[in-house]
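A.B. asks: The structure that follows is given in the form of structure tokens.
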Amino acid sequence: MVRTKSKDRVDDNIIKKLQEPVQAKRPMLGHVVPKASRSRVLPKNVKKSGGSSRSPILRPQGRTRDTNLNNPSNLRIIGGTFKGRRLSSPTSVYLRPMMGKVRSAVFSTLTSFGLFEAVAEIESDAVRKVRHLDVFAGSGSVGLESLSRGAREVTFVDLAKDCCEAVQRNLNICGVEGRGRVVNCDALVALRDPHSVGVMTTSGSTGDDVWGGGAYDLITVCPPYEEVVYADLLDALLNSDCCKEDTIVLLEYPVELGCLPHVLEANNNPGKKMLGLRNRKYGRTVIAMYIVSPSGRVPGADIRPEEFVNL
């Protein structure tokens, strides 16, 4: 159970909304539509003024794709070493990946926190600190963007086997198989019991504990809005061994959920809390960034409660 720092009525309303499945209907965009929407298909006897005689079939996010459909995503890496590299997408699952302009803004902010700065140099290769956990990875575009910017390693978690296979293909495409690990499991299991599924190991994924053992420096959570309960996700994050002091947590959520609280505390872990750094709206998508139990050693990670008042 997650609680906010204060006990006023507004916070009670926020907690109530977090504990309910969110209704986040979206306009018809390309091949992705909300589950409640109808596919936009013209009758067979009606022709358009040009091009194909029928408009594209619009499919709901997360549903199985027809085997004869082409991959519509056209995802690319936005910046860094692999800038411009096209990414493969799952062949049987529909995704609504983070838009390129949002990824660009997100990684600009993360870079300002000093996450991708080199901390050492060994044999002319920069050694970087960041260990990144990408939850609800989909095609892996967020984690791969992180690798492109210089993350040391990324663990990708997704329940769909097809998504995991797409991530592995993309690691191969970018030539960074040794810096990425793919875990096929439920997101809540990965956060609540990371050791059981290999998301964490006692001595860290590289066999040492120089960077804080198996805990992560950056955790990104970009779920399909209508298929999760955000209170469960926040509770799992707050109580997870994956989080340590100064871990940056990015959570994507829909405007329909309302504004997330600035301070989140865990009932089962006294003293551990997440403080809001940024809360930015991009159309109908909101990106919240938190820092776990800050030590003050992360440059630029200033607490901004004013961004967690209204959307």
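The values are calculated or read from the model by the stated rules, or taken from the named source; none is laboratory data. This structure is a prediction, so every number in the text was calculated from the model and none was measured. For accessibility, only protein heavy atoms count, side chains too; no ligands or nucleic acids. Shrake-Rupley method; radii C 1.70, N 1.55, O 1.52, S 1.80 Å.
A.B. asks: Heavy-atom accessible area of Thr285 with all protein chains present, probe 1.4 Å, nearest 10 Å²?
C.D. replies: 30
A.B. asks: Of the listed pairs Lys244/Lys281; Lys244/Lys273; Lys244/Lys272; Lys129/Lys244, which have alpha-carbon separations greater than 21 Å here?
C.D. replies: On the way: Lys244/Lys281 27 Å; Lys244/Lys273 10 Å; Lys244/Lys272 9 Å; Lys129/Lys244 14 Å.
Violating the 21 Å limit, Cα to Cα: Lys244/Lys281.
A.B. asks: Ignoring ligands, DNA and RNA, what accessible area per residue does region 155-196 give at 1.4 Å, in Å²? It would help to have the intermediate numbers written out before the result.
C.D. replies: Numbers: 1850 Å² over 42 residues.
Value for region 155-196: 44 Å² per residue.
A.B. asks: In what order, largest first, do Val183, Val229 sit by accessible area if the probe radius is 1.4 Å? Mind showing how you got there, number by number?
C.D. replies: Numbers: Val183 10, Val229 40 Å².
Ranked list, largest accessible area first: Val229, Val183.
A.B. asks: Per residue of region 74-83, what does 6.51 cos²θ - 1.76 cosθ + 1.60 with θ = phi - 60° give for ³J(HN,Hα)? Whole Hz please, x for Gly and Pro, Karplus curve as stated.
C.D. replies: Going residue by residue, I get 6, 6, 9, 6, 7, x, x, 4, 9, 3 Hz, with x marking Gly and Pro.
A.B. asks: For Val309, Val176, Val197, write out the residues from largest to smallest accessible area, computed with a 1.4 angstrom probe and no ligands counted.
C.D. replies: Details: Val309 90, Val176 10, Val197 45 Å².
Descending accessible area places them as Val309, Val197, Val176.
A.B. asks: Counting only protein heavy atoms, what percent of the accessible surface of region 151-299 is carbon or sulfur at a 1.4 Å probe?
C.D. replies: The nonpolar share, carbon plus sulfur, comes to 49 percent.
A.B. asks: Over region 250-311, what is the relative contact order in percent, taking alpha-carbon pairs closer than 8 angstrom and at least six residues apart?
C.D. replies: Details: 103 pairs, mean separation 23.9, N = 62.
About 39 percent, as a whole number.
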